[in-house]
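To start, the structure under review is shown below, and the notes come after it.
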Amino acid sequence: MKKIKSLLMVLVILAALFFAPVSGLNKTANAVRTKVSYDEFSAEINSNLTNICGFTGRIAGSANEAETALYLQQYLKGITNISAVTNASTNEGIQQFEYMSNLTGTYKKSQNVVFRYTAPAETKKTVILGCSYDVPYYFSEEVQDYVSYGNDALNSSSASVATLMALAKFLPEYGFSYNIEFVFFGAGEESFAGSNFYTDGIADADAENILCMINLDKVALGEDLYFYIDEIETDFSKYISSLFATSKIGTKKVDVVNLNKTSFIDNGLGLTYSHIALDSNNVNFMRRKIATINLFAGDYDDGLVFGRCEYASKGIITYSKFDTIEHIKATYGADVIEKNLYQVFETIERILTDKNFVSTCSVSYNQTGWFYSIFGNQKLVIMLTAIVFFVILAVAIYIHYKLTVKSYFANVEMEFLSSVVKITEHIDGEGKDKNVPKVVSQVIANDIKKNKTLNPEKPKDNDGDSNKK
């Protein structure tokens with residue numbers, strides 16, 4: 001009987017331990033998501049696109065841009081696993097700032113929206129995901145002011161915003177061991193004023209703990225998804241490239257390019273396309289020595305391309321009235337936007353969940369510091385330019401000298417040959433009774449007389465020196 005009671009007690013204890021709620025990291029681990037399905041993502045992205053595209057005319061510094069920021073704030077507050085950042089420059093996720101418009105020359109106000117996923121275990125390691133949420137604009141002669149294109153601004157920047165919203169909703173469910181900051185930058189079309197203000201507020205010690213910054217820029221349209229790392233190859237760029245070297249993401253290939261200076265995308269013509277990837281928020285993080293990945297879509301594989309190319313042999317969509325959901329779906333297919341954006345989501349998902357991500361990125365800070373310390377140092381650039389100039393000048397002088405010497409001896413040779421010809425002619429003209437010494441001396445005397453006439457000597461003074469004037 002005692003044995004039965006003991007056995008029952010053991011079973012009760014085991015059952016209690018099995019069904020008892022776990023806390024801390026174990027609880028988070030049991031709730032970790034492993035994948036977001038296409039159907040889940042599609043439903044979320046379509047809802048987000050509908051809402052964001054409803055904020056038309058959200059140009060930098062406008063009331064519509066401010067209203068969009070408040071909408072984003074409320075949406076992000078509804079996600080349980082993230083919280084609004086509040087610090088010296090940010091209040092409840094809204095980071096207000098002032099900037100000078102590069103178009104009007106006047107000061108305007110805008111705002112970033114900043115929310116944060118905090119890892120279960122305390123850590124300073126952080127990933128930043130960001131995009132701009134304002135829209136392009138142009139100068140209208142009719143109203144004599146800068147206005148929006150009056151479209152959905154699908155590719156710039158509604159799709160990026162909608163995708164980042166989905167990332168903020170789903171990624172915290174993965175239970176990452178590092179923090180993630182989701183940042184929607186204001187005034188992106190004004191020389192990236194929002195990301196400039198944000199990065200200026202990062203302390204050096206905090207910058208060293210940022211694993212990387214991933215930027216979304218015009219990701220909805222195009223045959224392929226591209227990403228840019230830096231101007232030179234680093235351990236970080238090699239690592240990111242290796243993630244996509246042998247497989248596909250979603251239904252499309254990912255064109256992996258280690259971009260450096262002018263070698264961007266080889267188009268088969270011996271020509272290159274460069275620096276479209278340096279026209280976004282990532283440049284401000286690069287300035288702070290933080291490793292970046294700039295994601296953008298398009299078609300840059302064939303032909304000579306100037307500017308943005310969403311689809312080869314098609315008209316420009318971004319920065320035009322055709323940048324709308326209705327036009328894109330009618331022209332390129334009903335689900336083209338969702339598929340492209342799901343590819344972006346999966347790309348980021350794969351990077352952040354890779355087992356080597358933290359260890360590799362922990363040493364990514366300032367890997368290109370030596371490069372930018374040289375090309376970003378104005379005094380050093382001036383000095384190197386001066387050195388190159390004087391080297392070129394010295395080479396030019398040397399070449400001139402060599403050519404002058406060569407020309408002098410060539411003239412002497414020509415004079416000698418000319419004299420020989422004259423002597424020969426005179427001797428031939430004298431016949432058999434020619435007096436060779438007389439002919440030679442006569443020719444030389446004539447040449448000397450000729451040279452004195454062409455180059456007269458200066459008169460000499462009583463001491464035998466030339467008169468000085």
Of all beta bridges DSSP finds with both residues in the range 72-211, what is the antiparallel percent, to the nearest 5?
70
According to a simple spin-label model (label point 7 Å from Cα along Cα-to-Cβ), what is the distance in nm between residue 200 and residue 104?
1.9
Among 341-347, 43-49, 59-65, 329-335, the order from most to least packed when residues are scored by Cβ within 10 Å on average:
341-347, 59-65, 43-49, 329-335
Based on the Cβ-Cβ distance of residue 321 and residue 366, what FRET efficiency does E = 1/(1 + (r/R0)^6) give at R0 = 45 Å, to the nearest 0.05?
0.55
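For the range 42-167, what class follows from the C-alpha gyration tensor (a ≥ b ≥ c being the square roots of its eigenvalues): rounded when a/c is under 1.5, otherwise prolate if a/b is larger than b/c, else oblate?
On the way: a/c = 2.59, a/b = 1.51, b/c = 1.71.
Cα axes put the range 42-167 in the oblate bin.
Sort 383-392, 219-228, 354-363, 182-191 by packing, meaning the average of other beta carbons within 10 Å per residue, with the highest value first.
Working: 383-392: 10.4, 219-228: 23.7, 354-363: 14.7, 182-191: 26.0.
Result, highest mean Cβ count within 10 Å first: 182-191, 219-228, 354-363, 383-392.
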Assuming 0.36 nm per residue, please report the length gained on full extension of the stretch residue 313 to residue 392 beyond their Cα-Cα distance.
24.0 nm
Rounded, prolate or oblate: which fits the range 150-243, taking a ≥ b ≥ c as square roots of the Cα gyration tensor eigenvalues, rounded meaning a/c under 1.5, else prolate when a/b beats b/c?
rounded
Quick one: if you stick a label point 7 Å off each Cα along the C-beta vector at residue 77 and residue 209, how many nm between them?
2.7
Net length gained if the chain between residue 399 and residue 354 were fully extended (0.36 nm per residue, minus Cα distance):
10.3 nm
Separation in nanometres of the label points that stand 7 Å from Cα toward Cβ, at residue 330 and residue 63:
3.1
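Which order, highest average first, do 138-144, 172-178 follow once you tally other Cβ atoms within 10 Å for each residue and take the mean per peptide? The partial results should precede the final answer.
Working: 138-144: 8.7, 172-178: 19.0.
Going from most to least packed, we get 172-178, 138-144.
Readers should treat all values here as calculations from the given coordinates under stated rules, not as data from a laboratory. Bear in mind that the values here come from a model prediction, so they are computed numbers and not experimental data. Reconstructed Cβ throughout: ideal geometry from the backbone, glycine too, with neighbour counts over all protein chains shown.
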